Amino acid sequence: IDSFKIILAFSFILSGQGMYLLVKDVTGNEKAGFISALFYLFAPYHLIDMHFRVAIGEVLSFAFLPLCFLYLRKMTLSFSRQNFILFVSFLSLLIISHQAIALASFPFLLIYSLFLIKRKKDFSKIIFTFLLSIGITAFYWMPLLYSSRFTYLLNGRIEFSSLSSLFYSPYLFGFLFQGHKGELALIVGYLHLLVLLVFIAFLFKNKINPVFKKFGLFLLISTLFLLFMITPASESVWKNIFLLKGFQFSYRLLVLVNLFTSILAGLTLVNIKNKIFVKFLLMIVVFSSILNWGNRKALSSVNDETIRKSLYSSLDSVGQGKTVWNNVKLKKRTDNIDIIKGDTTINEISRKQTIHRYSINVISNEALLTDNTTYFPGWNINADSVNLPINNKNGLINFKLKKGDHSVSVYYKETRINRIARAFSFMVIIFMVLIVSSSRKKKFLK
């Protein structure tokens, strides 16, 4: 539990720092960076992810996304060894934090780079860095894609949010983002929407710095497109793009919406000369979200030990992550291993995450047993140094034993795809190290 809290706190702080550095680098204005950082930190979906959903992957993506855009910008303008390493590193961290957010971010990162490159041939360098990051993280996404065929992850079922639900929370006059039964108000943010309108008004009045006008238009168009993609009107798009079928919830795109609207806030509000008015808006951004600065109810009685014990006796629906063999409703388990048929005595010797050892005496002619572990390719059973076939029709690990005493091990062995993917990632890392170490600083990748 403490490790979760540390990750959440670290990610929250890093997201604000990253946003500040990004907008400061774009505008050369610390005030703009500070404005964008506050909008980003106190965006409704950011707080929902951190306190109500406790979505570790998405919270980390909030932290790494601004840094990806920052070092993509730095690398594109100055293709140095340091900028190259940092961009590849942060993009790789984004991929292993949340593959869906990373996938959705790729097109916007690439389009942004097109705004910055001075020579068309430099775009090939950008593509190269993306391929490096994809290669480095192959150990993660390659087994995931391969193993998804054993689950319902890519069945194409996407939950959409209505357009109206993005604008207003129905709880406590709009200031609470979670209902009393855990319902979530997945809104963009009142001040974030206001910024969009102010930016459009400033565009017509030519109050936006011409240097940032194209970038601002990119952010505005991207935001409007993402809002469209969140609504049911975009269902046909989701169905026709294979990799999007595992996205599950369209509202995940609010991570990018909050990123873009927060950057727009810095680009827009920095043009308002009335400092008191700007400070007033920032106070509203921060304190209007005060009801969502923590989870609704902290259970002090729950600690690491109570969670550890409950894992053995609880069973929750895992939705699209359910395996294709779970074609029956699984019951809550009371023991690690059950006797389905036969007269048997069982002594559990040890139980670790990837290996369960038993001493089993079968008194009847034959016994049918179930190790209460969800079956997945890679699980094996060894009885008296002989591998046994697994029956997985009910989604669990079922096996038979003949009469007599048996030493049984139920163990997980890494699959071939995992080994191949890890070796590929290792080779890409070695390749990257060789490139960085062998290239002279002034002639880096030229």
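The values are calculated or read from the model by the stated rules, or taken from the named source; none is laboratory data. Being a predicted model, the structure only gives us computed values, none of them experimental. Because the Cβ atoms are built from the backbone with ideal geometry, glycine has one as well, and the counts that use them run over all protein chains shown. We work out accessible area using only protein heavy atoms, side chains counted, and drop any ligands, DNA or RNA first. Shrake-Rupley method; radii C 1.70, N 1.55, O 1.52, S 1.80 Å.
Structure notes:
- Condition met for residue 202 (touching a residue at least 24 places away in the same chain (Cβ under 8 Å), of a type outside the set (Gly, Ala, Ser), within 23 Å of residue 37 (Cβ to Cβ) and surrounded by fewer than 23 Cβ atoms within 10 Å (Cβ to Cβ)): yes
- Subset of the range 383-411 (residues that are under 30 Å from residue 96 (Cβ atoms) and either at pLDDT 95 or above or out of contact with any Phe, Trp or Tyr (no Cβ under 9 Å at 6 or more places or on another chain) (or both)): 410, 411
- Strands (runs of 3 or more DSSP E) contained in the range 346-446 and holding at least 3 residues of a type in the set (Ser, Thr, Tyr) and open to solvent by 40 Å² or more (accessible area, probe 1.4 Å): 396-412
- Residues in the range 14-25 that are without any contact (Cβ under 8 Å) to a residue 40 or more places away in the chain and open to solvent by 20 Å² or more (accessible area, probe 1.4 Å): 17, 20, 24.
- Within the range 179-199, restricting attention to residues that are open to solvent by less than 30 Å² (accessible area, probe 1.4 Å) and either in a helix (DSSP H, G or I) or touching a Cys at 6+ places or on another chain (Cβ under 7 Å) (or both), the residue that is farthest from residue 73 (Cα to Cα) is 191.
- Within the range 130-146, the set of residues being open to solvent by 80 Å² or more (accessible area, probe 1.4 Å) and either of a type in the set (S, T, N, Q) or under 16 Å from residue 324 (Cβ atoms) (or both) comprises just one member, 146.
- Neighbours by Cβ (under 6 Å, 6+ apart or cross-chain): first from the range 147-158, open to solvent by less than 50 Å² (accessible area, probe 1.4 Å); second among the small types (Gly, Ala, Ser): 151/321; 153/246; 154/148; 154/246; 158/250
- Check on residue 4, in a helix (DSSP H, G or I), among the aromatic types (Phe, Trp, Tyr) and either open to solvent by 10 Å² or more (accessible area, probe 1.4 Å) or on the phi > 0 side of the Ramachandran plot (or both): yes
- Annotation note: of 280, 215, 225, the sole residue that is at pLDDT below 95, over 23 Å from residue 54 (Cβ atoms), in a helix (DSSP H, G or I) and open to solvent by 20 Å² or more (accessible area, probe 1.4 Å) is 215.
- Residue in the range 246-267 that is assigned to a helix (DSSP H, G or I), in contact with a Leu (Cβ under 9 Å, 6 or more places away or on another chain), open to solvent by 10 Å² or more (accessible area, probe 1.4 Å) and farther than 24 Å from residue 67 by Cβ present: yes
- The one condition from (1) without any contact (Cβ under 8 Å) to a residue 40 or more places away in the chain; (2) more than 26 Å from residue 143 (Cβ to Cβ) that residue 404 does not meet is (1).
- For the range 168-176, the count of residues that are under 23 Å from the mean Cα position of the chain (by Cα), in a helix (DSSP H, G or I) and touching a residue at least 40 places away in the same chain (Cβ under 8 Å) is zero.
- Of the residues making up the range 283-315, those that are at pLDDT below 75 and not in a loop (DSSP other than H, G, I, E, B) are 309, 310.
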